[in-house]
Every structure is written in structure tokens, then in C-alpha cells.
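One structure is given below, encoded as C-alpha cells.
The values are calculated or read from the model by the stated rules, or taken from the named source; none is laboratory data. Note that the structure is a prediction, hence the values are computed from the model and not measured. With ideal geometry, Cβ positions are generated from the backbone for all residues, glycine too; neighbour counts draw on all protein chains shown. These area figures cover heavy atoms from the full protein model, side chains too; ligands, DNA and RNA do not enter into them. Shrake-Rupley method; radii C 1.70, N 1.55, O 1.52, S 1.80 Å.
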Amino acid sequence: MEKETIQELFQKYKAGTASPEELRIIHSFYLHKAKRTSTELDDQFIQEQLDTMDRNLFPQKTKRIAVWKYAAAAVLTLSSAFGLYQYTQQQLTEKEPQQATEQFAAIKPGHDQATLRLPNGEVIALGQQDKLINKNGVVQLNTGNIDLGTAVGNRMITLETPRGGQFQVQLEDGTNVWLNAGSTISYPAKFVTNERSVILKGEAYFEVAHNAKKPFKVTVGNDEIQVLGTGFNIQSYDDNLTPITTLVHGKVKVTRNNKAQQTLILQPGQQTLAQANLQKANTDISGITAWKNGLFSFKRSSIKNIVRELERWYNIDFVVDQAAAENRLITGEIPRNVNLDDVMQILSYFDIQGHMKNNKVYLTLKKQ
């Protein structure tokens, strides 16, 4: 990339006018640099890197704005709803207190883990090194194959991830399912009827193998999602008012079995709304499916909504002060592979401070 192009990106970022694609370029640079150095970047190293880049890009500048310090130090860039540029202007002379503690650092991110329950009642714990493939009535694991036999029919297998877990499974038709934390999917060992039906609770991303003769159906709460071959995300945790289905590619039909049975068709880039009446709207696909790609993605998200995801991934409860809940909307991305202290440092940049008590994290708004 030419120097003039980098200068333009830098200036657009400071002014808050960078496009989503330009932001991705900027963020990717710092994520790459952070991962190549270490998981903990000390202030001296960060400042040296930023000063070098700043000198190279702006040898004639009159005043520097240290917006990059936050990006590298936190291993990502976040912008608040009220504008990161305006925020950093106010914070130039302040040094943010270090919020990460040994308690927070000890709370590790989630990882691949799940429990597999077979039709015969056998329970198998799955870990980071395990793969799960179902084919022709046989459950294929790293430790060996389990033949459930033709007599199993459509008796259900259940895969469950705990808080702090995620897992991927390939169904016997070739459909791949990514299961998010605190989720459950039940499916037959072999699809023997004229349709492929599974039951979901929680959140999952589906890449459905095409088979026009056997429609694929997902039952989640009162909703039924029917597809032939497509990619889509479903979120239906207990704190959801209704299941939220987001279509990435293909076409799906969503039926809500309430008093007045409702049906609608989703096109790519659309999702159902979290309300009783079945409606749809356009949405940001990349943000919805970011979890599958190892990211938290927030778009004008409240602290309450953010901590719901953090609770499921870090397996710890949060208590949010009312002032913090009402006064901060955050937009940005955080890698899911960082410890909780990294997240707490990010929140501290937006005047959110936290402490632990009785194995809970309490968040409050800093006093101005």
C-alpha cells in the first residue's frame, strides 16, 4: 500500500469518516502486529511503534492525536456511539487507570468443548482435539467410531455446549453446524424420512447440504425454519423474546406457530426481528456471524447486551450499574481468544470500570 494511501486512511480514521472496508484494513494491521509480538504489549513497545509510524506518515505535522495507542494496546479498535475521535480529544492529557487485575487475568476465554448424548444414554465429553462427524448412522470421533445401527431410526442424538464452550458437528447429510456457547442441538443419527429435522436451543450457524428432495428444517421455540441448501444463523437464548434467524445466502422460509400462524421468506442479508409478530429487516451479516469467526462484534450495543455475550463465553456473571447500562453504546470488535482482563481494559476506555466480588463482575460508570 502506498504512503499516500496510508496517510489518507490515517486522516479518515482520526476524522471518523473511514468506511467499513477502510476500518477493516486499519484493524487488521494492528491485530496482525499484536499477534506477531506477544499477547501482552507493554506501553514502551506500543509507543515506540506508534511514534515510528506517526513520524513516517506525518513528518510535517503540528499536533498528534494518540488514537492508535488504544488500538494496539487493546489488540483491537473500538469506537463508541458518541465518536471515538471526540472521546480521545477529551482524554489526551489523561492516563487511563489499569483495570486488569490478577482475578480478571485468571478468567480465560471459552474453547471447543461439548457433551454428546447418544440415544442409548451414553454420554461422551468432547474437547478441543475432538472432531464429530455423523455418517450413515455411525458417529465418528477421534477415539473411534460408534455404530448406532439401523434400528436407531430417527432417535435423537444431543450435542450440548456449556457456557464457555463451542463446537462444530457434521450431520450425516453433510450439513455443518457451528454451535455457540450455552447451546443444544438434537438430531437423528440418520435422516430416514423425507425431511431432515433438527431441534435447536441457543445459537448456531448452519451450512446446509443441498438436497431438493429432503428439505432441511430447524425447530427453535415456536419457529420452524425450512431450507433446501443455504447458510444461516439462529439465535434463541432464554433472554431472547423470540428466535432471531439471519440468512447469509440462499433462501429460507420461517414459520411461527403462534395463535395466528405466520410465515415469511428471508432473502440474503435479512433477519427476523425480536418481537412477537413475525417480521423481517435488513441487517449486517458480518456482525451476526462474527462469533463463528472468533470475534465479538458490537454495533451500537448497550453494556447489558454486551455482557450477555461475555457471560456465555467467559462463564461468569456480570452485574451492571444502571448508569453504565444507560449511558454507553459501543460499536466495534473484540477477539474471543483474549482473557477477561483485556476486555476490562477496553471497557475502561469508555468510562466503564469493574471489580469482582463473590465470583461476579460488577460494572459501574466512572465518576467524572
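Within region 236-246, is there a residue that is over 16 Å from the mean Cα position of the chain (by Cα) and within 30 Å of residue 212 (Cβ to Cβ)?
Within region 236-246 (the criterion being over 16 Å from the mean Cα position of the chain (by Cα) and within 30 Å of residue 212 (Cβ to Cβ)), the answer is yes, since at least one residue qualifies.
Only one residue in 339, 305 is closer than 22 Å to residue 241 by Cα and among the polar types (S, T, N, Q). Which one? Show your work before the answer.
Working: 339 fails: closer than 22 Å to residue 241 by Cα.
Answer to the check: 305.
Restrict the check to region 283-296 and report whether at least one residue is touching a Gly at 6+ places or on another chain (Cβ under 7 Å) and either at negative phi or free of Cβ contacts under 8 Å to residues at least 60 places away in the same chain (or both).
As a first pass, look at region 283-296 and keep what is touching a Gly at 6+ places or on another chain (Cβ under 7 Å): 283, 285.
Remaining after also requiring either at negative phi or free of Cβ contacts under 8 Å to residues at least 60 places away in the same chain (or both): 283, 285.
Checked region 283-296: at least one residue is touching a Gly at 6+ places or on another chain (Cβ under 7 Å) and either at negative phi or free of Cβ contacts under 8 Å to residues at least 60 places away in the same chain (or both).
Residues in region 172-180: is at least one open to solvent by less than 10 Å² (accessible area, probe 1.4 Å), out of contact with any Phe, Trp or Tyr (no Cβ under 7 Å at 6 or more places or on another chain) and under 23 Å from residue 305 (Cβ atoms)?
No, every residue in region 172-180 fails to be open to solvent by less than 10 Å² (accessible area, probe 1.4 Å), out of contact with any Phe, Trp or Tyr (no Cβ under 7 Å at 6 or more places or on another chain) and under 23 Å from residue 305 (Cβ atoms).
Give me a count of the residues in region 340-361 that are surrounded by fewer than 16 Cβ atoms within 10 Å (Cβ to Cβ) and within 22 Å of the chain's Cα centre (by Cα). Break it down stepwise before answering.
First, the residues of region 340-361 that are surrounded by fewer than 16 Cβ atoms within 10 Å (Cβ to Cβ): 355, 357-360.
Still in the list and also within 22 Å of the chain's Cα centre (by Cα): 360.
So the answer is 1.
When region 206-238 is examined, which residues are found to be touching a residue at least 40 places away in the same chain (Cβ under 8 Å) and more than 15 Å from residue 184 (Cα to Cα)?
208, 214, 216, 223
Would you say residue 134 is crowded, with 21+ Cβ neighbours inside 10 Å, touching a helix residue (DSSP H, G or I) at 6+ places or on another chain (Cβ under 6 Å), polar (S, T, N, Q) and at pLDDT 90 or above? Lay out the reasoning, then the answer.
Values: crowded, with 21+ Cβ neighbours inside 10 Å: yes; touching a helix residue (DSSP H, G or I) at 6+ places or on another chain (Cβ under 6 Å): no; polar (S, T, N, Q): yes; at pLDDT 90 or above: yes.
No: the conditions fail for residue 134.
When you check residue 201 against the structure, is it open to solvent by 30 Å² or more (accessible area, probe 1.4 Å), farther than 27 Å from residue 163 by Cβ and of a type in the set (D, E, K, R), yes or no? So that I can check it myself, show each step before the final result.
Working: open to solvent by 30 Å² or more (accessible area, probe 1.4 Å): yes; farther than 27 Å from residue 163 by Cβ: no; of a type in the set (D, E, K, R): yes.
Answer is no for this residue.
Residue-by-condition table, conditions (1) of a type in the set (A, V, I, L, M, F, W, C); (2) touching a residue at least 60 places away in the same chain (Cβ under 8 Å); (3) part of a strand (DSSP E or B):
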position	(1), (2), (3)
311	no, yes, no
319	yes, no, yes
323	yes, no, no
332	no, yes, yes
342	no, yes, no
346	yes, yes, no
350	yes, yes, no
353	no, yes, yes
364	no, no, yes
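For residue 238, indicate whether it is acidic (Asp, Glu) and more than 16 Å from residue 272 (Cβ to Cβ).
Values: acidic (Asp, Glu): yes; more than 16 Å from residue 272 (Cβ to Cβ): yes.
In short, yes.
Would it be correct to say that residue 241 is open to solvent by 60 Å² or more (accessible area, probe 1.4 Å), aliphatic (A, V, I, L, M) and either at negative phi or in contact (Cβ under 8 Å) with a residue 24 or more places away in the chain (or both)? Explain how you work it out, then say what you get.
Details: open to solvent by 60 Å² or more (accessible area, probe 1.4 Å): yes; aliphatic (A, V, I, L, M): yes; either at negative phi or in contact (Cβ under 8 Å) with a residue 24 or more places away in the chain (or both): yes.
It is true that residue 241 is open to solvent by 60 Å² or more (accessible area, probe 1.4 Å), aliphatic (A, V, I, L, M) and either at negative phi or in contact (Cβ under 8 Å) with a residue 24 or more places away in the chain (or both).
Out of region 137-172, which residues are acidic (Asp, Glu) and at pLDDT 95 or above?
Taking region 137-172 and keeping what is acidic (Asp, Glu), we get 147, 160, 172.
Once the filter is applied, which keeps residues that are acidic (Asp, Glu) and at pLDDT 95 or above, region 137-172 yields only 160.
Filter region 279-296 down to residues that are open to solvent by less than 30 Å² (accessible area, probe 1.4 Å) and within 25 Å of residue 254 (Cα to Cα) and give me whichever is nearest to the chain's Cα centre (by Cα).
Let us first name the residues in region 279-296 that are open to solvent by less than 30 Å² (accessible area, probe 1.4 Å), namely 287, 289-291, 296.
Within this subset, residues satisfying the condition of being within 25 Å of residue 254 (Cα to Cα) are 287, 289-291.
On the way: 287: 8, 289: 7, 290: 5, 291: 2 Å.
Ranking the candidates gives 291 first.
Please work out if residue 300 is within 23 Å of residue 335 (Cα to Cα), in a strand (DSSP E or B) and open to solvent by 50 Å² or more (accessible area, probe 1.4 Å). Give the steps one after another, and end with the answer.
Working: within 23 Å of residue 335 (Cα to Cα): yes; in a strand (DSSP E or B): yes; open to solvent by 50 Å² or more (accessible area, probe 1.4 Å): yes.
Yes, satisfied.
Condition check ((1) open to solvent by 30 Å² or more (accessible area, probe 1.4 Å); (2) at pLDDT 90 or above; (3) over 22 Å from residue 198 (Cβ atoms); (4) in a strand (DSSP E or B)) across all residues:
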position	(1), (2), (3), (4)
219	yes, yes, no, yes
226	yes, yes, no, yes
232	no, yes, no, yes
246	no, yes, no, yes
253	yes, yes, no, yes
258	yes, no, no, no
263	yes, yes, no, yes
277	yes, no, yes, no
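Assuming residue 192 fulfils every condition listed in (1) open to solvent by less than 10 Å² (accessible area, probe 1.4 Å); (2) of a type in the set (A, V, I, L, M); (3) in a loop (DSSP other than H, G, I, E, B) apart from one, which condition is it?
With respect to (1) open to solvent by less than 10 Å² (accessible area, probe 1.4 Å); (2) of a type in the set (A, V, I, L, M); (3) in a loop (DSSP other than H, G, I, E, B), residue 192 is out only on (1).
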